[in-house]
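Engineer: There's a structure below that I have some questions on.
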Amino acid sequence: MVSIAKALTFALVSLTLPALAAPPAADFVYRIDGPASVSSLRVTGASAKWSPTLDDNAAIEAVPEKLPPTQNGSVHLVLAPGVASSAVEMGAESGLASDWSGRGKLVFQVHNASEFMIPFTLTIRDAAGAAYSADHLWMVRARNRYEIPLADIRANDGTPLDLSRVRSLRLEFRSAEKFERDLWLYDFYIAGDGS
């Protein structure tokens with residue numbers, strides 16, 4: 001009788017350990033899952049609509065860190081010609097997840113359908129108004145994946161942002177071409193643990 005109890009205990013522990021050792025699943029910081037999720041964004045210098053596919057009609061890639069894999073939609077941006085700056089801002093009031101604490105990295109993807117490289121700036125603000133800004137980012141033609149360690153998200157003076165109270169995430173694109181440019185934004189999530 002004792003050996004059966006030991007066997008059951010061993011079996012339960014064996015099933016539990018892999019679950020405890022697995023990294024935490026990815027969490028969307030902004031879920032792009034339909035037209036309403038796009039209409040609530042603050043967009044300037046561009047038009048924006050929801051799209052389930054990219055310019056080649058390929059489905060949005062599944063988020064690799066999620067099990068089972070989860071597919072997200074995209075924000076299809078058309079940058080207006082002759083406009084020096086276009087921006088998209090996700091705010092806490094429009095559905096941006098505010099608690100990023102305890103995680104390892106911010107991940108997002110941008111698909112550039114233009115043949116030209118496009119520079120952009122990423123700005124993240126916390127509830128106290130402290131800001132992190134990465135202003136030397138570039139995207140090439142095709143799919144661009146960005147991973148930013150959350151430990152690197154600090155104000156200019158080196159102070160970490162309060163990642164338990166994130167207020168906004170803004171992408172500003174600098175483009176003043178004579179023709180429209182098409183971009184697709186997707187997969188805004190945090191993944192991994194903070195160790």
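The values are calculated or read from the model by the stated rules, or taken from the named source; none is laboratory data. Keep in mind that what you see is a predicted model, and the values were worked out from it rather than measured. Glycine gets a Cβ as well: all are built from the backbone with ideal geometry, and neighbour counts include every protein chain shown. The area values use the complete protein model at the heavy-atom level, side chains included, leaving out ligands, DNA and RNA. Shrake-Rupley method; radii C 1.70, N 1.55, O 1.52, S 1.80 Å.
Engineer: Using only Cα atoms, what is the ratio of the radius of gyration of the range 94-195 to 2.2 N^0.38 Å? Mind dumping the intermediate values first?
Structural biologist: Working: Rg = 14.4 Å, N = 102, 2.2 N^0.38 = 12.8 Å.
Against the compact-globule rule of thumb, the ratio is 1.13.
Engineer: When averaged across all projection directions, what area in nm² does the alpha-carbon convex hull of the chain cover?
Structural biologist: Numbers: hull surface 55.4 nm².
One quarter of the hull surface, i.e. the mean projection, equals 13.8 nm².
Engineer: Subtracting the Cα-Cα distance from 0.36 nm times the residue separation, let me have the gained length for T44 to A62 in nm, one decimal.
Structural biologist: On the way: separation 18, 0.36 × 18 = 6.48 nm, distance 2.83 nm.
Gain on extension, T44 to A62, equals 3.6 nm.
Engineer: Mind listing which GluC sites (Glu not before Pro) in the range 80-127 are in a DSSP loop and have 16 or fewer other Cβ atoms within 10 Å?
Structural biologist: Working: sites: E89, E93, E115; in loops: E115.
Passing both the DSSP loop test and the Cβ count: E115.
Engineer: Around E180, with a cut-off of 14 angstrom between Cβ atoms, what is the net charge of the other residues, counting Lys and Arg +1 and Asp and Glu -1? Walk me through the numbers on the way to the answer.
Structural biologist: On the way: positive: K49, K178, R181; negative: D55, E115, E177, D182.
Around E180, the charge tally is -1.
Engineer: Can you show me the helix-derived [θ] at 222 nm for the chain, built from DSSP H runs with n ≥ 4 at -39,500 (n - 2.57) apiece and divided by the number of residues, rounded to the nearest 500. The partial results should precede the final answer.
Structural biologist: Details: 2 runs with 25 residues, N = 195.
Counting only the DSSP helices, I get -4000 deg cm²/dmol.
Engineer: Just grab the label-to-label distance for E177 and L137, each label 7 Å out from Cα along the Cβ direction, in nm (one decimal).
Structural biologist: 1.9 nm
Engineer: Still on this model: Expressed as an acute angle from 0 to 90° and rounded to the nearest 10, what is the orientation of the C-alpha long axis of helix 2-21 relative to the principal long axis of the chain?
Structural biologist: It is inclined by approximately 10 degrees.
Engineer: While we're looking at this one, here's another question. How big is Rg to Rh over the range 24-104, alpha-carbon atoms, Rh as the Kirkwood inverse-mean-distance radius?
Structural biologist: On the way: Rg = 14.2 Å, Rh = 14.2 Å.
Across the range 24-104, the Cα-based Rg/Rh ratio is 1.00.
Engineer: Roughly speaking, to the nearest percent, how much of the range 124-195's 1.4 Å accessible area is carbon and sulfur? Before the final figure, lay out the partial values.
Structural biologist: Numbers: 1840 of 3810 Å².
Of the solvent-accessible surface of the range 124-195, carbon and sulfur hold 48 percent.
Engineer: Also, I was wondering about something else. Under a Cβ-only charge scheme (Lys and Arg +1, Asp and Glu -1), can you give me the dipole magnitude of the range 58-130 about the Cα centre, in debye to the nearest 20? Intermediate results must be reported in sequence, preceding the final value.
Structural biologist: On the way: 4 positive and 7 negative charges, 25 e Å.
Dipole of the range 58-130, to the nearest 20 debye: 120 debye.
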